[in-house]
Amino acid sequence: MCGYIFLKSNNKKDHLTINKEIPKIIKRGPDQTNIIKTDDKTLIHTRLSIVDLENGSQPMKAVFNNISYWILFNGEIYNHLELKEILKENYSFQTNSDTEVLLAAYINWGDKCLDKIIGMYSFVISSDFNDEIFCARDITGQKPLFYSFENQKLVISSIPIRFDQKKNISKEAIADFLINGYLTNNKSILDKVFSLDPGHSLSIKNNVLKKSKYWDIKKFLKPNQNKKYLNKIDLILEKIVNNYKNQADVPIALLLSGGIDSSLLLKYFKNKNIDCFTLDTEDEDSELNAAKSYVNKKNHKIIKSNKIDAQYFEYVYGNIFSQPFSDSSALNTAQLIRELSRNYKCAIGGDGADEIFAGYQSRIMHLGGNYLYNFEYYRRIISQYFSRIKNNYYKRKLFISGYRYPIFDLKNIKKLLKLRISSKSLFNYKSENIKTGKKERVLLEDFITYLPNNINIKLDEISMHYGVELRSPYQDRRIIEYSLSIPAVDKFNKNTSKILLRKIHSKYFKYNSYLIKKGFGMNYYNFLKRKDMEDLYKKYIKSKSKIGKLINISYMEKLLNRNYSARRWNFLCLAIWIEKNTWLA
C-alpha cells in the first residue's frame, strides 16, 4: 500500500514545487520514499511494504522492445502469481512483486489487462511510446485516484492536489458534503480536481484525456437461473480468503466485530492462531460478547474504547482525511486501527458484505411496500424534505425514495452557500440509469455510491494514516460479480437482511447467525450535548473561523441552534477540516 504523485509539466519550477506535497502522502507509505525525475515528469512514491519487501520498490521501471515504462501503484493484485505464470513466456521478471506483474500485464495486454487483474488498485503507467499515460482504479474504489489537467500540467495522485494553481475550494463539493456527509460523483474538495470513478481508466495522449469504463455493472445483472447460491458463495469466499491470507510477506490479523461477516472470514482462515482484534465500545451496542464466542482467549486482542472527547474528534476529522468526511463510525474505527498498527501492518476485514448482500436492516424493511418508488419524477423532490422531519420514526416510514435522506436540504444549501445549483446536480442517483427492479436499484445505489464514497474512503484514509493495509474479501470482483446475478428477493425479505450469508453462517456456527447489525456509529444527540462538544461547536460557529469565508455562518448558527442532530455533526466535521487543511486567511 502506498501513496504517489505523478506530475507532467514543461515548467521546471513545477518539478521543484511538487516536492512540497510529499509530506501529505508520507503516512500512506512510511517504509520508503523514492523520487524519479525525467525531462518533463516527476514520479514520487511512498511505500508501505507488504509483498516482496526487498525488491518491490517504486517507481518501478521496465524496458520492453526498447520502450521504457514506469509505474506508480497503490494496492494489491491478488492473482499476480497466476498472471505471472502466463506472462513469463514473453516477459523476464526481475522481482517477486505484484507491481512488476501489473506492469508486465499492461506491457503485454494494454488496457485489456484490467479484465484480467483481481485486486484493489490505483495506478499510473507512463511509457515512451507516443508519450502515453494510462491510469485506472479498482471496481469498488478501495484505492483513491485524483487527477487535474490544466494549462498543460497534469497531476495524478493519491490525494487531491493543485500545487501551483489557485487552490479554490469547490462550493459544489461543499454542497455535496452538506447533503451526504462525504463527497460523491467524482468530485474533490478542490475546484478542477477530480476523482476517477471506480471501474474506470484514464488515458492521456497528445494532451487529450479519455476516460473509459472498463467494468460495467450492467453486464452482471442478468438473473442467475441456478438457485443453488449458498454452496457457490461459500466456495468463492473460501477461495478468496485463502488467496488473501497467502499473498503477503508480513503477518496478517483479522478485524473481528462479532457480526456474521467477519466471523465467516475467520472460519475460512482455518487458522486458530490468527490474532483477532475487536473493539469494545463498552456500551449496549458492543459486540464483544459475540466476538468472544468465535476465538480463543489467547488470540483475541480486545481493544478498550478510550473516551472519545472533543480533542480526539477534532484530530480524526481534521488530520486523518484528505477531504471532508463525517461518518461517525470513523471515531471508533480509528481507535481500532491505531491499536492494531502497533503490531501489524496488514489486516483483513468484512467491509463490503452489507452492500452486496443487503445488510442494512433499517433500510430494507421499508422497501416492500414502497408504492411511490416508481414515480421517478418525485424522488428528488421528496428527498429534499427528509432533513426537515425531526421525528426519526417518520423519517424511516417516509423513506419512500429508497435512498438515504440528505442532511441539509436544497433550500438551506442555497442560502448557506449563496449558490445557484439544481436539484438534479445534487440529488444524482447513478442507479436511476440502470434498468432493473426497484429493490435491486436501491441495493445498487449503496454499491455504486455509498460503498466507494463513504465506506472505502473511511477504511483507506484511516488505515493508511496508521500504516496498515486493510483487505476486504467481500469486495473481491469474484464474489461481487456472482452476487450481482442474485435477485434482491433472495437476499432479503421484509424481516431479514443478508439472508444468504446468515444461512451460510448457521451452517458453521450454532449461534449469532441472526443478530442485528450494530456497527460503530455514534448517538449524535448524547455526544453533541456534552460540554466539551458544545465548546468545540462555539469555537467553529464564530464568523472568524475559516468556514465563515465559505458559508453564511449566521444562517448556519440559526439552523443549528439547539440542534444536536447529524446537521451539527456534519457542520463540525466540515469546519474542522477547512480550518486545518486550507490556506484561507
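The values are calculated or read from the model by the stated rules, or taken from the named source; none is laboratory data. No experiment lies behind these values; they were computed from the predicted model shown. Glycine gets a Cβ as well: all are built from the backbone with ideal geometry, and neighbour counts include every protein chain shown.
So the values come out like this:
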| read-out | value |
| --- | --- |
| Considering residues of the range 90-122 that are hydroxyl-bearing (Ser, Thr, Tyr) and in contact with a strand residue (DSSP E or B) (Cβ under 9 Å, 6 or more places away or on another chain) only, the residue surrounded by the fewest Cβ atoms within 10 Å (Cβ to Cβ) | 95 |
| Residue in the range 192-205 that is surrounded by fewer than 17 Cβ atoms within 10 Å (Cβ to Cβ) and among the acidic types (Asp, Glu) present | no |
| Close pairs from the range 408-421: first at positive phi, partner surrounded by 13 or more Cβ atoms within 10 Å (Cβ to Cβ), Cβ under 9 Å, at least 6 apart | 418/171; 418/551; 418/552 |
| Where residue 44 falls short, out of the listed (1) more than 24 Å from the chain's Cα centre (by Cα); (2) part of a strand (DSSP E or B) | (1) |
| Output for the range 461-501, where each listed residue is in contact with a strand residue (DSSP E or B) (Cβ under 8 Å, 6 or more places away or on another chain) and either in a helix (DSSP H, G or I) or of a type in the set (D, E, K, R) (or both) | 463, 464, 469, 471, 473, 475 |
| Candidates 176, 216, 234 - the one that is closer than 21 Å to residue 326 by Cα, among the charged types (D, E, K, R) and either exposed (fewer than 14 other Cβ atoms within 10 Å of the Cβ) or modelled with pLDDT of 90 or more (or both) | 176 |
| Filter result (β-branched (Val, Ile, Thr) and either outside the structural domain of residue 110 (by TED's automatic domain parsing) or under 28 Å from the mean Cα position of the chain (by Cα) (or both)) within the range 47-89 | 50, 51, 71, 77 |
| Matching residues in the range 291-324 - criterion: being among the polar types (S, T, N, Q) and under 17 Å from residue 342 (Cβ atoms) | 299, 305, 306 |
| Inter-residue pairs, beta-carbon under 8 Å, first free of Cβ contacts under 8 Å to residues at least 12 places away in the same chain and in the range 139-163, second surrounded by fewer than 20 Cβ atoms within 10 Å (Cβ to Cβ), 6+ apart | none |
| Total residues in the range 257-290, condition closer than 24 Å to residue 51 by Cα and not aromatic (Phe, Trp, Tyr) | 10 |
| Search result, residues across the range 89-123 that are among the basic types (Lys, Arg) and free of Cβ contacts under 8 Å to residues at least 24 places away in the same chain | 112 |
| Any pair with Cβ under 6 angstrom, 6 or more apart, that starts in the range 526-542 at a residue that is assigned by TED's automatic domain parsing to the domain that holds residue 572 and ends at one that is basic (Lys, Arg) and modelled with pLDDT of 90 or more | 528/568 |
| Pairs where the first residue, in the range 489-504, is over 15 Å from residue 231 (Cα atoms) and the second is crowded, with 19+ Cβ neighbours inside 10 Å and among the acidic types (Asp, Glu), C-beta under 6 Å, 6+ apart | none |
| Residue ID - surrounded by the most Cβ atoms within 10 Å (Cβ to Cβ), chosen from residues in the range 237-265 that are closer than 21 Å to residue 342 by Cβ and of a type in the set (A, V, I, L, M, F, W, C) | 256 |
| Total residues in the range 1-41, condition in a loop (DSSP other than H, G, I, E, B), in contact with a helix residue (DSSP H, G or I) (Cβ under 8 Å, 6 or more places away or on another chain) and within 21 Å of residue 153 (Cα to Cα) | 1 |
| Residue match in the range 319-342 (condition: farther than 19 Å from residue 262 by Cβ, touching a residue at least 60 places away in the same chain (Cβ under 8 Å) and among the aromatic types (Phe, Trp, Tyr)) | yes |
| Top-ranked residue of the range 520-549 - restricted to ones that are outside any helix (DSSP H, G or I) and either of a type in the set (Phe, Trp, Tyr) or crowded, with 19+ Cβ neighbours inside 10 Å (or both), ranked as nearest to the chain's Cα centre (by Cα) | 520 |
| Every residue from the range 179-190 that is more than 19 Å from residue 573 (Cβ to Cβ) and either in contact (Cβ under 8 Å) with a residue 24 or more places away in the chain or surrounded by 18 or more Cβ atoms within 10 Å (Cβ to Cβ) (or both) | 185 |
| Among the residues listed as 34, 10, the single one being among the polar types (S, T, N, Q), in contact with a Pro (Cβ under 7 Å, 6 or more places away or on another chain) and in the same structural domain as residue 122 (by TED's automatic domain parsing) | 34 |
| Odd one out for residue 293 among (1) within 30 Å of residue 576 (Cβ to Cβ); (2) small (Gly, Ala, Ser); (3) surrounded by fewer than 18 Cβ atoms within 10 Å (Cβ to Cβ) | (1) |
| The one condition in (1) in contact with a strand residue (DSSP E or B) (Cβ under 9 Å, 6 or more places away or on another chain); (2) within 26 Å of residue 444 (Cα to Cα) that residue 152 fails to fulfil | (2) |
| Members of the range 212-249 that are free of Cβ contacts under 8 Å to residues at least 24 places away in the same chain and under 15 Å from residue 139 (Cβ atoms) | 213, 216, 219 |
